[in-house]
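Reviewing the structure listed below.
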Amino acid sequence: MIDNTLHPSKRPFLSTAIFFLCCWYLLLCAVNYTRQRPLWLDEISVFKSVSTYQPQDFFTKKLAVDQIFPRFYLFLIQKISQPFDFSLLAVRFFSFVAMIAAFLVWFKVAGQELAPKASEARAKLEDNLQYFTFVLCWVASAPLVYYSAELKQYSMDVLASGLFVWFLYNQKSLAKNKAQYLTILTLLPLLGLFSYPAFLFFIFPVYNLLMEKPKEKGHWLALALFCVSALFAVAFVYFFDIRITKANVHTQGFMDYSVSFQSVGAFFKTFGEGTMNLFSRWFAERPRFIKRIAVFFLMCGLIYMVYGFFRSFRKNKYFNVADNLAFPIYIELFILGCLGKYPFSVTRTSLFFCPLIFIATIKGIAELKRIHPYLYKVAHALFLTFLTFVAIGIARVVLTQDFSFSPKIW
């Protein structure tokens, strides 16, 4: 019989399994990156700017073929790839590094959220199984593998969201080292120069800082540094990007992924379909039955996202856990979708939200034990079976052929 009170270090099989999954995900990304599949339509459009623009053009001209891409990030891609004659490995290098770094950051966050804390003397087996499930979600996610090797900004979005969430988890402990804390608060908003979704997270550190006691030494300095840095990032992106890009031209192409107000029926139809897309398209698109099965499990995440927020926020007024972060970000995406400013239900543009959905889904399935312990065990076992099936299909495609953004894994 398994002793559920053993510390994780005394359960080598589970620790080894988690380590193996981490290595397997990194291997899939590496193979996907080194295979050097040909550039596809959107990448070709971005590549035209990278390979033909003068450095100043990134901050004074519209991008080629009306692309939307953080200008400073694209400028750096040109600088690092130019000495290598804009080879596929060079232009995709930042995307690869960003996704690997994102995985490591979210791995750390999930350890704090799902696995037992180091300060606890005892650990529950189910906590470590949830941690294992989170890592398996990455291995079974076609977008999180594919976008590790695409000339687009989406892997950087995942990294930026992970860094913000990591900071929010550790904000109080980081504040003990004032120099380090102030440095991080100054640098964190600059992620907006690399990732547009990073701006969605700006409100949370500000709120947490306002909730702190004003009399604490350095409190107002910390708040001022973050706000000044945030204003700089907003001004930079507006002046050198939004002002030049004329984003309204591009958002028209995503109107099908926005919330419609043409009628009450259209509103609920687009809102419902958009939300389902946001919670069901993280594993694989083909064959289509995978998405249908995913809906069953990820509905637990949708329900828990709302329930967990109100339960958590009553106990903890700070934004520092996944329970009270996922729902406000979803509301921000919903509002932007209503305004037609952001395609909140498009997989790639909302990829940064994916890890939070995974955490909410795993915790939502765990809540089933409130109904009956065996219901939770059966649901969790089925979810693990589903993830394993998808992960094997993804690995088969990655290791044998070029991996497309919508691969048919079986």
Task: Failed item, numbered, when Leu151 is tested on (1) touching a residue at least 12 places away in the same chain (Cβ under 8 Å); (2) of a type outside the set (Asp, Glu); (3) surrounded by fewer than 22 Cβ atoms within 10 Å (Cβ to Cβ); (4) not in a helix (DSSP H, G or I) - done: (3)
TODO: Evaluate the following for Leu185: is it closer than 22 Å to Val234 by Cβ, out of contact with any Asp or Glu (no Cβ under 8 Å at 6 or more places or on another chain) and surrounded by fewer than 21 Cβ atoms within 10 Å (Cβ to Cβ)?
DONE: no
Open item on the list: If Gln401 satisfies all but one of (1) over 19 Å from the mean Cα position of the chain (by Cα); (2) over 19 Å from Trp106 (Cβ atoms); (3) in contact (Cβ under 8 Å) with a residue 40 or more places away in the chain, what's the number of the condition it fails?
Closed with: (3)
- [ ] Would you confirm whether any residue within region 172-184 is assigned to a helix (DSSP H, G or I), modelled with pLDDT of 95 or more and closer than 29 Å to Ile68 by Cα?
- [x] yes
TODO: Being under 15 Å from Lys291 (Cβ atoms) and buried (at least 19 other Cβ atoms within 10 Å of the Cβ) is the filter here, so list the residues in region 384-410 that pass it.
DONE: Leu387, Val390, Gly393, Ile394, Pro407, Ile409
Task: Pair list, Cβ under 6 Å, 6 or more apart: region 337-349 residue within 18 Å of Ser155 (Cβ to Cβ) and surrounded by fewer than 17 Cβ atoms within 10 Å (Cβ to Cβ), other residue modelled with pLDDT under 85 and of a type in the set (A, V, I, L, M, F, W, C) - done: none
Open item on the list: With the requirement that a residue be in a loop (DSSP other than H, G, I, E, B), closer than 25 Å to Ile100 by Cβ and polar (S, T, N, Q), what does region 19-67 give you?
Closed with: Gln36, Gln67
TODO: Would you be able to tell me the number of residues in region 79-94 that are more than 26 Å from the chain's Cα centre (by Cα) and part of a loop (DSSP other than H, G, I, E, B)?
DONE: 3
TODO: Can you run down the residue pairs with Cβ atoms below 6 Å, 6 or more apart or on separate chains, where the first is in region 251-270 and closer than 28 Å to Gln67 by Cα and in a helix (DSSP H, G or I) and the partner is at pLDDT below 85 and polar (S, T, N, Q)?
DONE: Tyr257/Ser345; Thr270/Ser260
- [ ] Would you point out the residue of region 274-294, among those that are modelled with pLDDT under 90, among the hydrophobic types (A, V, I, L, M, F, W, C) and assigned to a helix (DSSP H, G or I), that is farthest from Gly340 (Cα to Cα)?
- [x] Met276
- [ ] Could you check, for region 350-361, whether at least one of its residues is assigned to a helix (DSSP H, G or I), surrounded by fewer than 18 Cβ atoms within 10 Å (Cβ to Cβ) and in contact (Cβ under 8 Å) with a residue 12 or more places away in the chain?
- [x] no
Open item on the list: Need pairs with beta-carbon distance below 8 Å; first residue without any contact (Cβ under 8 Å) to a residue 12 or more places away in the chain and closer than 14 Å to Asp241 by Cβ and within region 44-59, second surrounded by 15 or more Cβ atoms within 10 Å (Cβ to Cβ) and of a type outside the set (Asp, Glu); sequence gap 6+ or separate chains.
Closed with: Asp57/Ser49
- [ ] Output the residues belonging to region 63-110 that are loosely packed, with under 15 Cβ neighbours inside 10 Å, modelled with pLDDT of 95 or more and of a type in the set (Val, Ile, Thr).
- [x] Ile80
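Looking only at region 186-204, how many residues end up being farther than 19 Å from Arg348 by Cβ and hydroxyl-bearing (Ser, Thr, Tyr)?
The initial filter retains those residues of region 186-204 that are farther than 19 Å from Arg348 by Cβ, namely 186-190, 193, 202-204.
Checking which are hydroxyl-bearing (Ser, Thr, Tyr) leaves us with 186.
Selection size over region 186-204: 1.
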Task: Single match in Ser312, Ser258 (criterion: within 30 Å of Ser45 (Cα to Cα) and polar (S, T, N, Q)) - done: Ser258
- [ ] Spot the failing condition for Ser404; the list is (1) closer than 23 Å to Glu113 by Cβ; (2) of a type in the set (Ser, Thr, Tyr); (3) modelled with pLDDT under 95; (4) out of contact with any Asp or Glu (no Cβ under 8 Å at 6 or more places or on another chain), and only one is missed.
- [x] (1)
Open item on the list: Which numbered condition in (1) farther than 28 Å from Asn170 by Cα; (2) touching a residue at least 40 places away in the same chain (Cβ under 8 Å) is the only one that Val105 fails?
Closed with: (1)
- [ ] Being more than 18 Å from Lys178 (Cβ to Cβ) and either at pLDDT below 95 or more than 23 Å from the chain's Cα centre (by Cα) (or both) is the filter here, so list the residues in region 207-236 that pass it.
- [x] Tyr207, Leu210, Met211, Leu231, Phe232, Ala235, Phe236
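The values are calculated or read from the model by the stated rules, or taken from the named source; none is laboratory data. This structure is a prediction, so every number in the text was calculated from the model and none was measured. Because the Cβ atoms are built from the backbone with ideal geometry, glycine has one as well, and the counts that use them run over all protein chains shown.
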